[in-house]
Amino acid sequence: LNRPATAVAHPNIALIKYWGKRDEQLMIPYADSLSMTLDVFPTTTTVRIDSGAAADEVVLDGSPTDGERRQRVVTFLDLVRKLAGRTERACVDTRNSVPTGAGLASSASGFAALALAGAAAYGLDLDTTALSRLARRGSVSASRSVFGGFAMCHAGPGAGAAADLGSYAEPVPVAPFDVALVIAIVDAGPKAVSSREGMRRTVRTSPLYPSWVASGRADLAEMRAALLQADLDAVGEIAERNALGMHATMLAARPAVRYLAPVTVAVLDSVLRLRADGVSAYATMDAGPNVKVLCRRADADRVADTLRDAAPGCAVVVAGPGPAARPDPG
Ligand code: DP6
């Protein structure tokens, strides 16, 4: 009884982005999204029920947290307790292998691991769809980190309970695929504008938002076809235009939401030069200045060297497709 439960999950990078929630309470996105789960930067989370405790304790990378970060975890645990019909408080111990809040998807791996460990600790028996739906309540991108390889998150139909039920991720079929993602960590510090605030402002004020969502629908259909054919150039082209379109949409917000830094642009230039030299390399960027470059495994070292030259002093990490979230027996 009340055995601690530990889970491990990996971040994912969206090749088709969602940006904007139509329900912030239920965490329902406006748009479908599609991602690759990575084999680097896992998050390991242990949930231990503490029947005697008056409040949840949240420990992040060895230090107790409070404020907004803790509150997000407590709110999530409240949801798990409600689903499980239980009331005891818990201690959550999370270890990230990547800086939190730096646009490297620690919320995706974090809430996927917390969903799995929390459900296990409170005795909830969930299938992967239900687990993905639950993880989405912590962070929309976390719904996708429940799965390994490539996954898509449905925006779901309608509003309220119907939307909640219909918004979850599932694996996307792909042909055997030789792919790497080379990550240039331009800035590992926390971002200036949280993705939550950035999304809110973009949805409310960017005149480009509706057309970006519409073009994302077309991008998603083309992306699925390209993945079935293991067509790296098509996958890369679609991912790059989807990401640049998202950033253009943010830049058109009032005031502008800008995550791209001078080094980001220098890295994007180096990706164009790689392509001019015949290397299949395509960039994507999220809510931060870091650049992730899709390429073939065989080209990954050359791409990594190019990114290092373009962004002197920045860490560059080569990732591949990673595993699904899993319980860690310890
Ligand atoms: C640009 O889903 O991590 O990476 O739900 O507020 O936690 P919260 O945000 P999150 O935002 C991800 C934004 C994105 C696009 C994507 O991953 O689809």
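The values are calculated or read from the model by the stated rules, or taken from the named source; none is laboratory data. The shown structure was predicted, so the numbers you read here are calculated from the model rather than taken from an experiment. Don't worry about glycine lacking a Cβ; one is built from the backbone with ideal geometry, like all the others, and counts go over all protein chains shown.
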* **Tally, over region 16-27, of residues that are crowded, with 22+ Cβ neighbours inside 10 Å and more than 8 Å from the ligand (Cβ to nearest atom)** => 1
* Asked: So which residues in region 300-324 are among the charged types (D, E, K, R) and surrounded by 20 or more Cβ atoms within 10 Å (Cβ to Cβ), if there are any at all?
  -> none
* Structure fact -> Just one listed residue, out of 84, 120, is farther than 30 Å from residue 261 by Cβ, touching a strand residue (DSSP E or B) at 6+ places or on another chain (Cβ under 7 Å), surrounded by fewer than 22 Cβ atoms within 10 Å (Cβ to Cβ) and aliphatic (A, V, I, L, M), and it is 120
* Look through region 129-145, keep the residues that are near the ligand (Cβ under 8 Å from one of its atoms) and touching a strand residue (DSSP E or B) at 6+ places or on another chain (Cβ under 6 Å), and return whichever of them is nearest to residue 156 (Cα to Cα). => 140
* If you go through region 92-102 one residue at a time, do you hit one that is at pLDDT 95 or above, part of a loop (DSSP other than H, G, I, E, B) and in contact with a strand residue (DSSP E or B) (Cβ under 9 Å, 6 or more places away or on another chain)? -> no
* Structure fact -> By residue number, the members of region 105-123 that are among the hydroxyl-bearing types (Ser, Thr, Tyr) and within 14 Å of the ligand (Cβ to nearest atom) are 106, 107, 109
* If we scan region 36-44, do we find a residue that is at positive phi and crowded, with 17+ Cβ neighbours inside 10 Å? -> yes
* Asked: Hey, does region 65-73 have a residue that's under 22 Å from residue 133 (Cβ atoms), modelled with pLDDT of 95 or more and among the basic types (Lys, Arg)?
  -> yes
* To do: Given the conditions (1) surrounded by 18 or more Cβ atoms within 10 Å (Cβ to Cβ); (2) under 23 Å from the mean Cα position of the chain (by Cα); (3) assigned to a strand (DSSP E or B), report the number of the one that residue 59 does not fulfil.
  => (1)
